[in-house]
Amino acid sequence: MKKALVCGAGGFIGHHLVKCLKNKGYWVRGVDLKYPEFSPTQADEFLILDLREPENCKKALTLHEGKFDEVYQLAADMGGMGFISWAECETLTNNVLINIYMIKTSAEMEIQRYFFSSSVCIYRDMEPGEPKLYEKDAYPAMPDNEYGWEKLYSERVALSYAKRYGMKVRIARFENCFGPEGTYKGGREKAPAAICRKVATAKLKGEDHIEVWGDGSAIRNYVYVDDLVSAVYMLMQSDVEEPVNIGTEEYISVKELVDMIFEIAGVKLNVKWVSGPVGVQSRNFSHEKIYSLGWKPGYTIKKGLEITYKWIEERVKKDIEEGNL
Ligand code: NAD
């Protein structure tokens, strides 16, 4: 039985990745600062550890017998644009510490396969209609925010350790990931979850409008969490040594995203476009590398949002009943 360590297993993607690995028959240890918020972990063992401390990285990686076959590093101090735009010191400090100590300790403990979750935030901003950027177009580098700079630096750290220690390091640059059991309130939520929450709240409270940051023109891809974790797994098993974009070919504007959520919720509300941290203007990335491994997304944005909206509306209903929204 293969053994996998998932760092960040109490978070959104890590929690779903644990489920995916369990379905594939792995023995899994999860590590995080907290347990998953919305449903119990399926990990065989779950350790609460702060991975900014090197001795905790060692604890996370130590087994009674043998070694982990695969280490998935998804732990990060992280959130949507609202969080990223103000938490620059936290992002640059906490995530660098986690990533340096995890890769260094893994290399020293002779881990053979290591996955690092990077982000398309490492790329520069784009104009609407611009041709696709390929993975190599990350350079010359000009990420739009400090979170992106940290991810780019940590990619380089991971690749350097791969070269020195002969460790198989796999790096994915995620586009926006969404799905059930992700943060949907509190300030760290990303756009799809935030808009689903606002629409559900207005619908259940009988309000006639919602507020959305920006003017609705920003273009993004959104990848459903089950598709994303299956891509992570495929990449981890592959021979691809360079970073790989993970997302789908479906790019939509924030306005289109809002309209889709109205349709799914069965409401038509007014939208007040208000100023806020919206991030880059446009995105368009090549996904040739991940598709070449045989990966194909199973969900359109609409299909993924139907599941996500339903889950968030149920949470919002409960929050309203309990006086929390
Ligand atoms: P998340 O915030 O839900 O999960 C991250 C987890 O890391 C959290 O549970 C958090 O408690 C944990 N963590 C933070 N600091 C820690 C520490 N010091 N020690 C141990 N655990 C710690 O985020 P997510 O959406 O699941 O993202 C997972 C990874 O994917 C992150 O590296 C993130 O940067 C990357 N990513 C996510 C997206 C997305 O759209 N969600 C996009 C691009 C990249």
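Screening segment 8-41 for residues that are more than 20 Å from Tyr224 (Cα to Cα) and crowded, with 18+ Cβ neighbours inside 10 Å and picking the one that is nearest to the ligand (Cβ to nearest atom) gives Asp32.
For the criterion of being in a loop (DSSP other than H, G, I, E, B) and either under 20 Å from Gly186 (Cβ atoms) or aromatic (Phe, Trp, Tyr) (or both), Gly79 passes. Scanning segment 83-105 for residues that are buried (at least 19 other Cβ atoms within 10 Å of the Cβ) and closer than 29 Å to His287 by Cα yields Phe83, Ile84, Thr91, Asn95, Ile98, Asn99, Met102, Ile103. Sort out which residues of segment 10-57 are touching a residue at least 60 places away in the same chain (Cβ under 8 Å) and of a type in the set (A, V, I, L, M), and write them in order of number. Correct list: Ile13, Leu17, Leu21.
Per-residue answers, yes or no, for (1) in a helix (DSSP H, G or I); (2) within 14 Å of the ligand (Cβ to nearest atom); (3) of a type in the set (Ser, Thr, Tyr):
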{"residue": "Asn99", "(1), (2), (3)": "yes, yes, no"}
{"residue": "Ile103", "(1), (2), (3)": "yes, yes, no"}
{"residue": "Pro128", "(1), (2), (3)": "no, no, no"}
{"residue": "Arg156", "(1), (2), (3)": "yes, no, no"}
{"residue": "Leu159", "(1), (2), (3)": "yes, no, no"}
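A quick yes/no check of all residues on (1) surrounded by 15 or more Cβ atoms within 10 Å (Cβ to Cβ); (2) farther than 24 Å from Lys2 by Cα; (3) in contact (Cβ under 8 Å) with a residue 60 or more places away in the chain:
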| position | (1), (2), (3) |
| --- | --- |
| Ser117 | yes, no, yes |
| Tyr134 | no, yes, yes |
| Asn145 | yes, yes, yes |
| Arg156 | no, yes, no |
| Pro180 | yes, yes, yes |
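Tally the residues that are closer than 23 Å to Val223 by Cβ and more than 16 Å from the chain's Cα centre (by Cα), restricting the search to segment 1-24. The total comes to 5.
The residues listed here are Glu313, Glu249; of these, the one that is surrounded by fewer than 16 Cβ atoms within 10 Å (Cβ to Cβ) and of a type in the set (Asp, Glu) is Glu249. Checked against (1) over 28 Å from Ile122 (Cα atoms); (2) open to solvent by less than 50 Å² (accessible area, probe 1.4 Å), Glu211 passes all but condition (2).
Val71 falls short on exactly one of the conditions (1) in contact with a strand residue (DSSP E or B) (Cβ under 6 Å, 6 or more places away or on another chain); (2) open to solvent by less than 20 Å² (accessible area, probe 1.4 Å); (3) part of a loop (DSSP other than H, G, I, E, B), and that condition is (3). Scan segment 259-274 and give yes if some residue there is open to solvent by less than 30 Å² (accessible area, probe 1.4 Å) and within 26 Å of Pro143 (Cβ to Cβ), otherwise no. Scanning segment 259-274, I find no residue that is open to solvent by less than 30 Å² (accessible area, probe 1.4 Å) and within 26 Å of Pro143 (Cβ to Cβ), so the answer is no. Close Cβ contacts (under 8 Å, 6 or more residues apart or on different chains) running from residues in segment 194-210 that are part of a loop (DSSP other than H, G, I, E, B) to residues that are not β-branched (Val, Ile, Thr) comprise Glu207/Leu269; Asp208/Ala202; Asp208/Leu269; Asp208/Asn270.
Total residues in segment 106-115 satisfying the condition of being touching an Asp or Glu at 6+ places or on another chain (Cβ under 8 Å), open to solvent by 40 Å² or more (accessible area, probe 1.4 Å) and not basic (Lys, Arg): the figure is 1.
The number of residues in segment 291-309 that are without any contact (Cβ under 8 Å) to a residue 60 or more places away in the chain, assigned to a helix (DSSP H, G or I) and not hydroxyl-bearing (Ser, Thr, Tyr) comes to 2. State yes or no: is Ala172 within 23 Å of Gly14 (Cα to Cα) and assigned to a helix (DSSP H, G or I)? Considered against the rule, which asks whether it is within 23 Å of Gly14 (Cα to Cα) and assigned to a helix (DSSP H, G or I), Ala172 comes out as no. Annotation: Leu92 fulfils all but one of (1) out of contact with any strand residue (DSSP E or B) (no Cβ under 9 Å at 6 or more places or on another chain); (2) in a loop (DSSP other than H, G, I, E, B); the unmet one is (2).
Answer yes if at least one residue in segment 25-38 is outside any strand (DSSP E or B), over 18 Å from the mean Cα position of the chain (by Cα) and not assigned by TED's automatic domain parsing to the domain that holds Lys185, and no otherwise. Within segment 25-38, one or more residues are outside any strand (DSSP E or B), over 18 Å from the mean Cα position of the chain (by Cα) and not assigned by TED's automatic domain parsing to the domain that holds Lys185. Within segment 172-184, is there a residue that is more than 13 Å from the ligand (Cβ to nearest atom) and within 19 Å of the chain's Cα centre (by Cα)? So far as segment 172-184 goes, no, none of its residues is more than 13 Å from the ligand (Cβ to nearest atom) and within 19 Å of the chain's Cα centre (by Cα).
The values are calculated or read from the model by the stated rules, or taken from the named source; none is laboratory data. Predicted model only: the values in this text are computed from it and were never measured. All Cβ positions, even for glycine, are placed from backbone atoms using ideal geometry, and neighbour counts span all protein chains on display. For accessibility, only protein heavy atoms count, side chains too; no ligands or nucleic acids. Shrake-Rupley method; radii C 1.70, N 1.55, O 1.52, S 1.80 Å.
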